[in-house]
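Trainee: One structure is given below, represented as structure tokens, and several questions about it will come after.
The values are calculated or read from the model by the stated rules, or taken from the named source; none is laboratory data. What you are looking at is a predicted structure, and each value in this text was computed from that prediction instead of being measured. When we count neighbours, we look across all protein chains shown, and the Cβ atoms used for this are built from the backbone with ideal geometry, even at glycine. Side chains are part of the model used for accessible areas, which takes the heavy atoms of the whole protein and leaves out ligands, DNA and RNA. Shrake-Rupley method; radii C 1.70, N 1.55, O 1.52, S 1.80 Å.
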Amino acid sequence: MAMILYIEDEKEIGEWVKGALEESGHNVQWFTSGEGIEDQIGEASLVLLDVMLPGLDGFTIGKRIKKHNPELPIMMLTARSAVDDKVYGLQFADDYMVKPFHLEELLARMDVLFRRFGASSNQSLILGDIEVNLHTNQLLHKPSNKEIILSGKQYKIFFYLVQHLNQILTKEQIYEAIWGERYLDGDKSLMVHMRHLREKIEKDPSHPQIVQTIRGIGYRVKG
């Protein structure tokens, strides 16, 4: 799974971009400044970087990252639209995108950088008999070579768990992330959708191996 290191101090933009990228199958580590990013750089497949940040500006951070990690692609994602800023940024960055922008264009440009640097945005995750394409978010039943089609809620539940691979998530966390409202004790909606999801992806839905139940807590997809 491609890990995106995203540095953006504006909360509204940051939340939108992070959520959209995660829905597209990426793991996103979001920072509001350059502080603390050192531990994440080694795991990153791509850096998305704003210019106007508290503390060190994005140009300075980007140059430092590129100096020590020349094979790590960097895309500037900023409101600074002056030609001089673009020229300066492209002295070290691999792309420069001006806000506001369309998500589709951002994803397309990210794919170009993945291809250029040999990082795969088309990585697959194998879960039992299921192959999960982490770029297109498609599920393939390997023995039959047939695509598995999930309903809207099944899709959201499954990929929410995949985005938190190996983490145990409570039913409250999952419900609130998928339905966007507070979980009420006794609500069976998640359980019903989980049962239908397992019927589509598990070899034996009565003994699930992909979406595991952690008794008394919640669920986990173990990679």
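Trainee: Using a 1.4 Å probe, how large is the accessible area of Leu56, given in Å² and rounded to the nearest 10?
Mentor: Looks like 80 Å² after rounding.
Trainee: In Å, what is the Rg of the alpha-carbon atoms in the stretch 121-223, and how long is Dmax?
Mentor: 13.2, 40
Trainee: Let me ask something else about it. Lys200: which aspartates and glutamates have alpha carbons under 18 Å from its alpha carbon, excluding same-chain residues fewer than 8 sequence positions away?
Mentor: Within the straight-line cut-off, Lys200 pairs with Asp129, Glu131, Glu147.
Trainee: Could I ask something else about it? Which of the GluC sites (Glu not before Pro) across the stretch 166-223 are loop residues per DSSP, with 10 or fewer other Cβ within 10 Å?
Mentor: Sparse-neighbourhood loop GluC sites (Glu not before Pro): Glu181.
Trainee: Rg and Dmax of the stretch 1-107, Cα atoms, in Å?
Mentor: In order Rg, Dmax, the Cα atoms of the stretch 1-107 give 12.6, 35 Å.
Trainee: For the stretch 69-183, I need the span (max minus min coordinate) of the C-alpha atoms along each principal axis, in Å, sorted largest to smallest.
Mentor: 50, 39, 24
Trainee: In addition: If the viscosity is 1.567 mPa s and the temperature 4 °C, what Stokes-Einstein diffusion coefficient in µm²/s follows for the stretch 16-66 when Rh is the Kirkwood radius over Cα pairs?
Mentor: Answer, rounded: 110 µm²/s.
Trainee: Heavy atoms of the protein only, probe of 1.4 Å, neighbouring chains included. What is the accessible area of Tyr160 in Å², nearest 10?
Mentor: About 50 Å², rounded to the nearest 10.
Trainee: Next question, about the same structure. Can you tell which of Ile148, Ala108, Gly58 lies farthest toward the positive end of the dipole of the chain, using +1 and -1 charges on the Cβ of basic and acidic side chains (Lys, Arg; Asp, Glu)?
Mentor: It is Ile148, whose Cα lies furthest towards the positive end.
Trainee: Which value, in debye to the nearest 20, describes the size of the charge dipole of the chain about its Cα centre when Lys and Arg Cβ atoms bear +1, Asp and Glu Cβ atoms bear -1, and nothing else is charged?
Mentor: With Lys and Arg at +1 and Asp and Glu at -1, about 720 debye.
Trainee: In the stretch 128-213, which trypsin sites (Lys or Arg not before Pro) are in a loop and have at most 14 other Cβ atoms within 10 Å, using DSSP for the loop call?
Mentor: Loop-located and lightly packed - Arg182, Lys188, Lys203.
Trainee: Computed FRET efficiency, Cβ-Cβ of Leu56 and His102, R0 25 Å: what is it to the nearest 0.05?
Mentor: 0.30
Trainee: Any idea of the accessible area per residue across the stretch 1-56, 1.4 Å probe, to the nearest Å²?
Mentor: Dividing the accessible area of the stretch 1-56 by its residue count gives 46 Å².
Trainee: Nearest-5 percent of antiparallel DSSP beta bridges in the chain?
Mentor: So the antiparallel bridges amount to about 50 percent of the total.
Trainee: Add -39500 (n - 2.57) for each DSSP H run of 4 or more in the chain, then divide by its residues: what number comes out at 222 nm, to the nearest 500 deg cm²/dmol?
Mentor: The per-residue figure over the chain is -11000 deg cm²/dmol.
Trainee: Here's something else I'd like to know. Starting from the coordinates of the alpha-carbon atoms of the chain, obtain the Kirkwood hydrodynamic radius over all distinct pairs and give the value in Å to one decimal.
Mentor: Hydrodynamic radius (Kirkwood, Cα only) of the chain equals 19.0 Å.
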